[in-house]
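The values are calculated or read from the model by the stated rules, or taken from the named source; none is laboratory data. Just so you know, these numbers come straight off a predicted model, no measurement behind them. Cβ: placed from backbone, ideal geometry, glycine included. Neighbour counts: every protein chain shown. Just so you know, the surface numbers come from the protein's heavy atoms only, side chains and all, with ligands and any DNA or RNA stripped out. Shrake-Rupley method; radii C 1.70, N 1.55, O 1.52, S 1.80 Å.
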Amino acid sequence: MSAARAILPPLALMLALFGGCKRQDMYAQPKAQTWDRNNFFAENSTMRPVLPDTVSPDDANQPVPQPAAADPAMLRRGQLRFDIACAPCHGRAGDGDGMIVERGFPHPPALYAQRLREAKAVKLYDVITHGHGVMYSYADRVAPSDRWAIIAYIRALQLSRQVPRAALSAQDLAALGEAR
Ligand code: HEC
C-alpha cells in the first residue's frame, strides 16, 4: 500500500469526526462530574474527601503571613511580579490602562489614588488574595511572599507620584533625563 493510500482513510475519518467541532462539543465531552458515581475511587464517588488540615480559601480567619522587611531585592522582585501579574490591567505605572483594559476589560482605579495610598498593606494583600469586584483572585498565581513584594513595589509606585521635585537628587533627575 502506498503512503498516500495508507494515510487518506484515517485523514478522511478525522475530518468527518472533527470537521464540525464547536466549543460546546468540547465542553459536552464525557467527563466525571462532581456528584457522579465513580468506581475508580474506593468511596465510589468522583468528589474527593477533604484532606485533614485543609483550609478553605474562603476562610477569612486564615492567618496572613507577615512580610519580610522591604529591601532593594524585594522591590526588584515586586517589580518583576507586578509587571507579569498586574501590569496587563493596571499598567506598568499603575495608571489602570494596561493592555487588557485597552481591549475592553473594565478600567481599574489608579493604584496611586488617594484611597489606595491610604489603604493598609493588608487590604492590598486581601485584594491580591481574594480579588475585588471584577478582578479575580491571584492567590494561585502569586505566592504570599510575592504578594508582599508586589505591595512594596506598589508603595514605591505610589511614592513616585508624590515626591516633590526638590527632593530628587541630581542623579535621580539625570535618570529622568532632566537637569536640576
Ligand atoms: C485582568 C485584569 C486585572 C489584573 C491582572 C489585576 N487587576 Fe487589580 N483590578 C482590576 C480591576 C478591573 C479592578 C477594579 C475592580 C472593581 O472595582 O470592580 C481592580 C482593582 C484593584 C485594586 C483596588 C481595589 C479597591 O479597593 O478599589 C487593587 C489594589 C488591585 N486591583 C491590585 C492588583 C494587583 C496587586 C494585581 C496583581 C497581582 C492586580 N490587581 C491584577 C483588574 C485587574
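Here is how the numbers come out for the structure above:
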| read-out | value |
| --- | --- |
| The stretch 50-72 - residue that is open to solvent by 60 Å² or more (accessible area, probe 1.4 Å) and of a type in the set (A, V, I, L, M, F, W, C) and, of those, modelled with the lowest pLDDT | 60 |
| From 52, 65, 88, residue being within 9 Å of the ligand (Cβ to nearest atom) and not hydrophobic (A, V, I, L, M, F, W, C) | 88 |
| Enumeration of residues in the stretch 91-115 that are over 15 Å from residue 156 (Cα atoms), within 10 Å of the ligand (Cβ to nearest atom) and not aliphatic (A, V, I, L, M) | 96, 98, 105, 106, 107, 108, 109, 115 |
| Filter result for the condition that a residue is of a type outside the set (A, V, I, L, M) and assigned to a loop (DSSP other than H, G, I, E, B), over 88, 109 | 109 |
| Selection status of residue 66, part of a helix (DSSP H, G or I) and either under 16 Å from the mean Cα position of the chain (by Cα) or among the polar types (S, T, N, Q) (or both) | no |
| Count of the stretch 118-130 residues which are within 17 Å of residue 68 (Cβ to Cβ) and open to solvent by 40 Å² or more (accessible area, probe 1.4 Å) | 1 |
| Subset of the stretch 131-153 [farther than 14 Å from residue 65 by Cα and of a type outside the set (A, V, I, L, M)] | 131, 132, 133, 136, 137, 138, 140, 141, 153 |
| Candidates 78, 104, 96, 177 - the one that is over 23 Å from residue 64 (Cα atoms) and surrounded by 14 or more Cβ atoms within 10 Å (Cβ to Cβ) | 96 |
| Count of residues meeting criterion [near the ligand (Cβ under 10 Å from one of its atoms) and either out of contact with any helix residue (DSSP H, G or I) (no Cβ under 6 Å at 6 or more places or on another chain) or β-branched (Val, Ile, Thr) (or both)] in the stretch 68-82 | 0 |
| All positions within the stretch 116-150 that are more than 7 Å from the ligand (Cβ to nearest atom), over 10 Å from the mean Cα position of the chain (by Cα), in a loop (DSSP other than H, G, I, E, B) and not basic (Lys, Arg) | 143 |
| Selection from the stretch 131-167 of residues that are over 19 Å from residue 77 (Cα atoms), surrounded by 13 or more Cβ atoms within 10 Å (Cβ to Cβ) and free of Cβ contacts under 8 Å to residues at least 60 places away in the same chain | 131, 132, 135, 161 |
